[in-house]
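Below is one structure, written out as structure tokens; the observations come after it.
The values are calculated or read from the model by the stated rules, or taken from the named source; none is laboratory data. No experiment lies behind these values; they were computed from the predicted model shown. Glycine also receives a Cβ, built like all others from the backbone with ideal geometry; neighbour counts cover every protein chain displayed. Ligands, DNA and RNA are excluded from the accessible area calculation, which covers all protein heavy atoms including side chains. Shrake-Rupley method; radii C 1.70, N 1.55, O 1.52, S 1.80 Å.
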Amino acid sequence: MPAFPAPSASGLSRRTLLRGGLAGAGLLTLAACRSAADTATAPAGDAASPRRGGVLTVGAGVDFTPALLFAQSANTLVQRLVFNTLTRYDDRLQPQPELATSWQVSPDGTSVTLKLRDDVLFHSGRRFTADDVVFAVKNLQNPVRSAQLRSTAAAVTDFRKNGDFELTLTLAHPVSNIFDLFEFMIIPDSASVEEAFAGTKLIGTGPYTFTDRKPGSSITFARNEKYWNPGRPYLDGVEIRIVPQAESLLSSLKTGQTHLSYSIRGKDVATLKTDPQFRITSYDTGAGAYYIGANVTGEHVSDKRVRQAIAWAVDRDRLVQQALGGYGTVSSTPWPKSSPAYSEASAGRYRHDPEKARQLLKEAGLTGITLPFAHSNDPGNTAIAQILQYDLKQVGIETVLQPTDSPTMQKQLISQTMPALWTLSHGFAQLHPATLAVSAYPFNEAKNSSHFSSPAYTEIVQKAWKRPDSDSPEAKALYQQITDVLLDEQFVIDLAIAGLTEVAGSKVRGATLNKFGYLNLDDAYLTA
């Protein structure tokens, strides 16, 4: 196949970029997925050269669940510390090299040829080769892994190696989100993957080696001295501390016990905006959205008029201001403004209209109903659930709150054992639109947490997914059809778009997140 040069900074088409990857082997100092804006004045000292040494402490509200390592669970801070991915998106959703240095997609979209780095070692000392990519894809194809991009991995039907560092993936059909898979798929060590799944040993090719885990308390990592990215990482190590209490997590930041967190409640972040000892960065990529899920096999919510009534009953503006501290945008759809599926009219479809909600319930012949309502038992999600409970009560829907720990809720999502209603946040809308509908647990057209099934929904989603492009007028028309189904059926009742917010002490520099919320500390350091 012909070699493709690195794209220039001038505006090339997405198709050109998909055909040829950047050939520069060490270009990971890009702030690749950081579509973000600092909301606090940066402290002095930003111009200082990166400093080696020190241990960065990251505060997390939810513990790492090893059994969901390959699934994209609630805590995604570990993946990119220990492991690497094949590619990584920049702010414009264009793939950049990581373990793959270049790539070529066939004209019909049914094969992808990858050229791989030849200087990468696993933490065990074993060399990374094309065999490890083959294993990584097959690992996600394994249903036991509960990978949300399993359908895309399953579209890979054959592997052809050309030596140790070139590989062609053959696809059953074109998929519009193949590079979503490459950013999602961490490359594990095949010899220890079951130990990784159990949380006893994590071996990858990433910037840090796993050293210890104390469930419910902390996870620690040390610098990988043989990392392939020259001179990286700067830090001696990283400690992730699990602090589920919101007040305690905020206090640990204020006292300097924790340097960095993505788990601070929006209303607490708002109190830090003018504090010069913190750097607050909002990721505007729409990495998350808050929603109410409805199990359509449940009593009462099997009627879509009831689900629509719930959508009209919620005061989204109050939710964003009171529960999220203003860090969010009201929306009836999952798509952020950066998505090719976004429509302003669709995003504003449902507004706060209690009278309309009551009318729909009357049409359904239902008054004074009571529904179980599950939510994560952390303070932030509890506050959201209480606001929603109040709004629903105003239109005649009583709810019984069921606080549940986050790992249990993740498992219930996967196993489709949710009650009539639940509230959580979802991701994947910040990627190619088809990824949401073929991969995310709440939306998956083949098997979703709501037990919703529709031949029409499946047909539209499959058409959007099996296209070689994602931004043509034809693709956008399909995305609107997907949105129309979601707005009508309301098995997922979207409330607000809210990306992750980074709160960092004044000494922290260089931390970034990828599109899946994987923490990248290749370039992170602590100032003196």
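Some points to look at:
- Of all residues in segment 130-181, those being touching a residue at least 24 places away in the same chain (Cβ under 8 Å), under 20 Å from Leu99 (Cβ atoms), part of a helix (DSSP H, G or I) and open to solvent by 50 Å² or more (accessible area, probe 1.4 Å) number 2.
- On inspection, Gln410 does not qualify as more than 19 Å from the chain's Cα centre (by Cα) and open to solvent by 10 Å² or more (accessible area, probe 1.4 Å).
- Applying the criterion of being in a strand (DSSP E or B) and within 25 Å of the chain's Cα centre (by Cα) to the residues of segment 371-400, the residue that is surrounded by the fewest Cβ atoms within 10 Å (Cβ to Cβ) is Phe373.
- Test: residue in segment 347-357 that is under 19 Å from Val320 (Cα atoms), open to solvent by less than 80 Å² (accessible area, probe 1.4 Å), at pLDDT 95 or above and of a type in the set (A, V, I, L, M, F, W, C): yes
- The residues of segment 479-528 that are of a type in the set (Lys, Arg) and open to solvent by 20 Å² or more (accessible area, probe 1.4 Å) amount to a single one, Lys507.
- Out of Ser376, Ser331, Ser343, Ser406, sole residue that is touching a Ser or Thr at 6+ places or on another chain (Cβ under 7 Å), over 30 Å from Ala67 (Cβ atoms) and of a type in the set (Ser, Thr, Tyr): Ser343
- Residues of segment 112-128 satisfying the condition of being among the hydroxyl-bearing types (Ser, Thr, Tyr) and either in a helix (DSSP H, G or I) or open to solvent by less than 20 Å² (accessible area, probe 1.4 Å) (or both): Thr113
Matching residues to (1) charged (D, E, K, R); (2) open to solvent by 40 Å² or more (accessible area, probe 1.4 Å); (3) closer than 24 Å to Ile482 by Cα:
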| residue | (1), (2), (3) |
| --- | --- |
| Arg318 | yes, yes, no |
| Gln322 | no, yes, no |
| Thr333 | no, no, yes |
| Ala345 | no, yes, yes |
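- Ala475 being out of contact with any Cys (no Cβ under 8 Å at 6 or more places or on another chain) and more than 30 Å from Gly380 (Cβ to Cβ): yes
- Taking segment 42-109 and the strands (runs of 3 or more DSSP E) fully enclosed by it, the elements with 2 or more residues that are under 30 Å from Gly256 (Cα atoms) and at pLDDT 95 or above are at 55-60.
- Within segment 186-248, strands (runs of 3 or more DSSP E) holding 1 or more residues that are open to solvent by less than 30 Å² (accessible area, probe 1.4 Å) and more than 20 Å from Ser124 (Cα to Cα): 218-223, 237-242
- A count restricted to segment 424-467 and to residues that are more than 25 Å from Gly499 (Cα to Cα), under 22 Å from the mean Cα position of the chain (by Cα) and open to solvent by less than 10 Å² (accessible area, probe 1.4 Å) stands at 0.
- The set of residues from segment 337-370 being charged (D, E, K, R), touching a helix residue (DSSP H, G or I) at 6+ places or on another chain (Cβ under 6 Å) and part of a loop (DSSP other than H, G, I, E, B) comprises Arg349, Asp353.
- Qualifying positions in segment 249-278 - assigned to a helix (DSSP H, G or I) and either under 18 Å from Gln321 (Cβ atoms) or under 26 Å from the mean Cα position of the chain (by Cα) (or both): Leu249, Leu250, Ser252, Leu253, Gly266, Lys267, Asp268, Val269, Ala270
- Members of segment 326-377 found to be over 15 Å from Asp315 (Cβ atoms) and of a type in the set (Gly, Ala, Ser), listed by number: Ser338, Ser339, Ala341, Ser343, Ala345, Ser346, Ala347, Ala364, Gly365, Gly368, Ala374, Ser376
- Selected residue (only one of Ala172, Ala155, Ala136, Ala147 is among the aliphatic types (A, V, I, L, M) and modelled with pLDDT under 95): Ala147
- Taken together, Ile186, Ile219 contain a single residue that is under 20 Å from the mean Cα position of the chain (by Cα), modelled with pLDDT of 95 or more and not polar (S, T, N, Q), which is Ile186.
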